[in-house]
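Chemist: Below you will find the structure I want to go over with you.
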6 protein chains.
Amino acid sequence: MSNRKSVAEFKKERERLNDIVMKYAGLETKRFFSLDSQVYREGGALPVKIKEMLGLVASLVLRCDDCITYHIIRCFEEGVNDAELQEALSISLIVGGSITIPHLRRAYDRWNELKSSEK
Amino acid sequence: MSNRKSVAEFKKERERLNDIVMKYAGLETKRFFSLDSQVYREGGALPVKIKEMLGLVASLVLRCDDCITYHIIRCFEEGVNDAELQEALSISLIVGGSITIPHLRRAYDRWNELKSSEK
Amino acid sequence: MSNRKSVAEFKKERERLNDIVMKYAGLETKRFFSLDSQVYREGGALPVKIKEMLGLVASLVLRCDDCITYHIIRCFEEGVNDAELQEALSISLIVGGSITIPHLRRAYDRWNELKSSEK
Amino acid sequence: MSNRKSVAEFKKERERLNDIVMKYAGLETKRFFSLDSQVYREGGALPVKIKEMLGLVASLVLRCDDCITYHIIRCFEEGVNDAELQEALSISLIVGGSITIPHLRRAYDRWNELKSSEK
Amino acid sequence: MSNRKSVAEFKKERERLNDIVMKYAGLETKRFFSLDSQVYREGGALPVKIKEMLGLVASLVLRCDDCITYHIIRCFEEGVNDAELQEALSISLIVGGSITIPHLRRAYDRWNELKSSEK
Amino acid sequence: MSNRKSVAEFKKERERLNDIVMKYAGLETKRFFSLDSQVYREGGALPVKIKEMLGLVASLVLRCDDCITYHIIRCFEEGVNDAELQEALSISLIVGGSITIPHLRRAYDRWNELKSSEK
């Protein structure tokens with residue numbers, strides 16, 4: 001019914017596009033992409049799981065579906081549970097208002113897909 | 001030519017996703033969803049028609065297609081006429097600038113679909 | 001306690017700055033400024049009062065204090081009453097979320113100043 | 001050198017303005033304000049400290065100084081340490097880009113004020 | 001793999017929707033559409049190529065895919081080269097942060113399509 | 001009449017705050033600050049003057065006063081003339097809409113201050 005990509009298709013398309021970015025990108029873009037993965041990396045004061053929830057909340061209030069999908073997948077991989085996810089998404093919803101609801105719906109739809117895949 | 005959903009498909013998909021949200025949502029999210037319908041409800045100082053136009057303008061300047069579609073449908077149901085709609089959308093366009101034009105186009109496309117359906 | 005400008009100071013500063021804009025502005029900027037007043041003008045399908053509330057809601061969700069102040073003053077001049085204002089601002093708050101609260105506070109503070117001035 | 005309010009003045013002004021909001025606000029606004037404190041409350045799956053960091057990151061990327069100030073104070077009260085704060089703010093900076101830098105500066109300025117006050 | 005429209009389809013759909021806008025639009029909307037083309041027009045102090053890069057950077061940081069596609073096509077038509085494009089897009093990326101990355105990817109994907117079409 | 005900082009005060013306060021950021025900042029923040037100056041640097045395909053205008057337009061449509069002030073000063077230092085500035089600001093205004101007008105006013109006010117200082 002929904003015409004969204006599966007997690008596998010999402011990852012494949014993301015990789016295809018990253019290859020095109022890297023074909024044209026200069027040094028600054030490459031450095032920024034590298035910084036973008038460093039800030040979520042293990043080994044600092046905050047657990048990766050918390051960092052991914054911070055990234056998810058930021059993506060939700062800024063209303064970027066691809067960013068939300070990415071961080072929902074990462075939250076799932078890092079073992080965020082249903083209760084933690086719903087508290088983080090409640091904060092996003094209250095901060096960002098009803099304008100975020102379509103993105104919230106797609107976030108939970110993706111979460112539901114990931115949860116169903118484990119069974 | 002366009003790959004957008006029909007009004008019927010839009011409503012069905014919205015309902016499917018709301019069910020998923022409600023499966024995971026905590027009390028605060030449920031309360032927020034309830035507040036979100038209360039503010040547009042009949043019985044206050046402003047007619048529902050005006051409230052829906054306020055919701056439409058807010059959605060347009062914030063550039064959320066699903067929110068625009070929802071309020072365009074509601075405006076249509078509440079009997080907003082062409083002249084009122086175009087004045088409300090002109091204000092959105094001037095406030096929000098050319099960056100809102102792609103959303104304005106889809107808003108009028110949806111309006112046109114709704115108008116054609118009455119005939 | 002608050003260091004905000006009075007309505008009179010706000011209008012005076014706005015005029016001073018508009019003079020500077022017009023000193024440098026080209027034809028397109030002048031035309032845009034003219035369009036910006038036309039969309040709120042009397043004589044169309046919607047009453048000016050409603051148009052000003054549309055402008056206020058758009059300004060609130062986009063979080064622009066100067067724009068909010070301007071439309072709050074215009075709403076007051078057009079005879080919007082307390083009940084109508086609070087319904088319009090409730091819609092803005094629910095659409096825009098808690099991130100709009102600081103602006104909502106200043107909107108009501110300005111409204112309160114205007115209401116006090118009539119007595 | 002800076003003309004910002006102290007933490008005490010910020011809290012006092014916030015309270016003064018909340019009183020004005022409550023004087024005019026309808027039921028929906030009051031309920032929203034109540035929801036806004038519930039989502040950060042103790043007793044759920046995530047510690048209050050983490051919830052406040054989520055609120056801070058959301059406020060930073062949405063670039064709302066008053067919201068940032070509020071959550072910086074709450075993070076400080078909940079015992080967030082320098083390392084945790086800087087990791088959360090790094091994520092905000094990378095997600096939100098250089099447009100957030102002026103707010104990041106004021107966030108650290110406030111943090112520095114709070115740290116200095118403990119000594 | 002990607003389900004995006006080709007440049008030809010994008011232009012056709014844009015024209016179809018513009019016809020619908022013009023069917024309903026009032027004078028102010030028409031004037032705004034006209035202003036929107038005037039600001040990028042030849043004959044001023046800045047070359048059209050630079051104006052199109054300004055429009056592209058604005059569209060990128062505001063994260064509007066249709067606007068980005070439009071200006072990417074115009075930049076290509078005006079003879080912007082790879083090095084110029086990547087410098088403009090680096091500035092957008094640094095100003096707008098990682099939240100712009102999905103749009104940056106699609107911008108380069110479109111650029112790559114245009115470059116391939118010349119061969 | 002206006003309570004804004006002079007260019008000298010703006011630069012001094014900016015430096016004071018940068019020192020505080022650097023006191024707390026981790027490696028990623030430092031690297032981002034460094035990237036942020038690299039993208040505007042001389043030696044690439046686009047002249048510094050154009051890069052600064054790109055930064056100005058991005059700052060205007062995203063409505064960040066400090067960022068606008070910074071790039072207006074840099075545009076002035078790089079020899080942008082009145083005609084070039086007004087064309088760049090017209091594009092920002094049309095893309096971003098009337099919500100950018102308060103920032104446009106302050107941008108021209110700053111420009112006017114800089115122009116007056118040369119005489």
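Chemist: I'd like to check something: does the stretch A:98-109 contain any residue that is among the basic types (Lys, Arg), under 30 Å from residue B:59 (Cα atoms) and out of contact with any Pro (no Cβ under 7 Å at 6 or more places or on another chain)?
Modeler: Checking the stretch A:98-109: at least one residue is among the basic types (Lys, Arg), under 30 Å from residue B:59 (Cα atoms) and out of contact with any Pro (no Cβ under 7 Å at 6 or more places or on another chain).
Chemist: Report, ordered by the first and then the second residue, all pairs with beta carbons closer than 8 Å, sequence separation of six or more or different chains, a first member in the stretch A:99-119 that is more than 10 Å from chain B (Cβ to nearest Cβ), and a second member that is assigned to a helix (DSSP H, G or I).
Modeler: Between residues of the stretch A:99-119 that are more than 10 Å from chain B (Cβ to nearest Cβ) and residues that are assigned to a helix (DSSP H, G or I), the close pairs are A:114/A:7; A:114/A:72; A:114/A:73; A:114/A:76; A:117/A:7.
Chemist: Right, here's the next one. Restricting to the stretch D:1-31, give me the number of residues that are hydrophobic (A, V, I, L, M, F, W, C), farther than 19 Å from residue D:68 by Cα and either modelled with pLDDT of 95 or more or part of a helix (DSSP H, G or I) (or both).
Modeler: Within the stretch D:1-31, residues that are hydrophobic (A, V, I, L, M, F, W, C), farther than 19 Å from residue D:68 by Cα and either modelled with pLDDT of 95 or more or part of a helix (DSSP H, G or I) (or both) number 5.
Chemist: Please specify each residue of the stretch D:35-72 satisfying the condition of being in contact with a helix residue (DSSP H, G or I) (Cβ under 8 Å, 6 or more places away or on another chain), of a type in the set (Ser, Thr, Tyr) and within 12 Å of chain A (Cβ to nearest Cβ).
Modeler: Selection gives D:40, D:59, D:70.
Chemist: Let me ask something additional. Look at residue B:90 and say whether it is assigned to a helix (DSSP H, G or I) and over 20 Å from residue A:93 (Cβ atoms).
Modeler: yes
Chemist: Okay, next question. Which one of F:45, F:58 is modelled with pLDDT of 95 or more and part of a loop (DSSP other than H, G, I, E, B)?
Modeler: F:45
Chemist: Looking only at the stretch D:78-87, decide whether some residue is in a helix (DSSP H, G or I), away from chain E (no Cβ under 14 Å), surrounded by fewer than 18 Cβ atoms within 10 Å (Cβ to Cβ) and not basic (Lys, Arg).
Modeler: yes
Chemist: With (1) in contact (Cβ under 8 Å) with a residue 60 or more places away in the chain; (2) outside any helix (DSSP H, G or I); (3) among the hydrophobic types (A, V, I, L, M, F, W, C) as the list, and residue E:73 as the residue in question, which single condition is left unmet?
Modeler: Exception for residue E:73: condition (2).
Chemist: Okay, moving on. From the list E:73, E:94, E:101, E:68, which residue is crowded, with 22+ Cβ neighbours inside 10 Å and within 26 Å of residue E:18 (Cα to Cα)?
Modeler: Just a single option satisfies the conditions, and that option is E:68.
Chemist: Given (1) in contact with a helix residue (DSSP H, G or I) (Cβ under 9 Å, 6 or more places away or on another chain); (2) modelled with pLDDT of 95 or more, identify the lone condition not met by residue C:117.
Modeler: (2)
Chemist: Could you please find all residues in the stretch A:1-22 being among the hydroxyl-bearing types (Ser, Thr, Tyr) and facing another protein chain (nearest Cβ under 7 Å)?
Modeler: Answer for the stretch A:1-22, where residues must be among the hydroxyl-bearing types (Ser, Thr, Tyr) and facing another protein chain (nearest Cβ under 7 Å): just A:2.
Chemist: Among the residues of the stretch C:23-34, are any at negative phi, under 19 Å from the mean Cα position of the chain (by Cα) and more than 7 Å from chain F (Cβ to nearest Cβ)?
Modeler: Within the stretch C:23-34, one or more residues are at negative phi, under 19 Å from the mean Cα position of the chain (by Cα) and more than 7 Å from chain F (Cβ to nearest Cβ).
Chemist: Considering only residues that are touching an Asp or Glu at 6+ places or on another chain (Cβ under 8 Å) and either of a type in the set (Gly, Ala, Ser) or surrounded by fewer than 17 Cβ atoms within 10 Å (Cβ to Cβ) (or both), which ones fall in the stretch C:15-31?
Modeler: The one that is touching an Asp or Glu at 6+ places or on another chain (Cβ under 8 Å) and either of a type in the set (Gly, Ala, Ser) or surrounded by fewer than 17 Cβ atoms within 10 Å (Cβ to Cβ) (or both): C:26.
Chemist: Moving on to the next point. Taking residue A:115 as the residue in question, decide whether it is surrounded by fewer than 19 Cβ atoms within 10 Å (Cβ to Cβ), touching a Gly at 6+ places or on another chain (Cβ under 7 Å) and at negative phi.
Modeler: Taking the combined requirement at face value, the residue does not satisfy it.
Chemist: What is the residue count in the stretch C:64-89 for residues that are touching a Gly at 6+ places or on another chain (Cβ under 6 Å) and within 23 Å of residue D:64 (Cα to Cα)?
Modeler: Adding up the residues that qualify gives 2.
Chemist: Are there any pairs, at least 6 apart or on different chains, whose C-beta atoms fall under 7 Å, with the first in the stretch F:19-30 and farther than 13 Å from residue D:83 by Cβ and the second among the aromatic types (Phe, Trp, Tyr), and if so, which?
Modeler: F:20/D:108; F:21/D:108
The values are calculated or read from the model by the stated rules, or taken from the named source; none is laboratory data. Model, not experiment: these values are computed from the prediction. Using ideal geometry, Cβ is built from the backbone for each residue, glycine included, and neighbour counts are taken over all protein chains shown.
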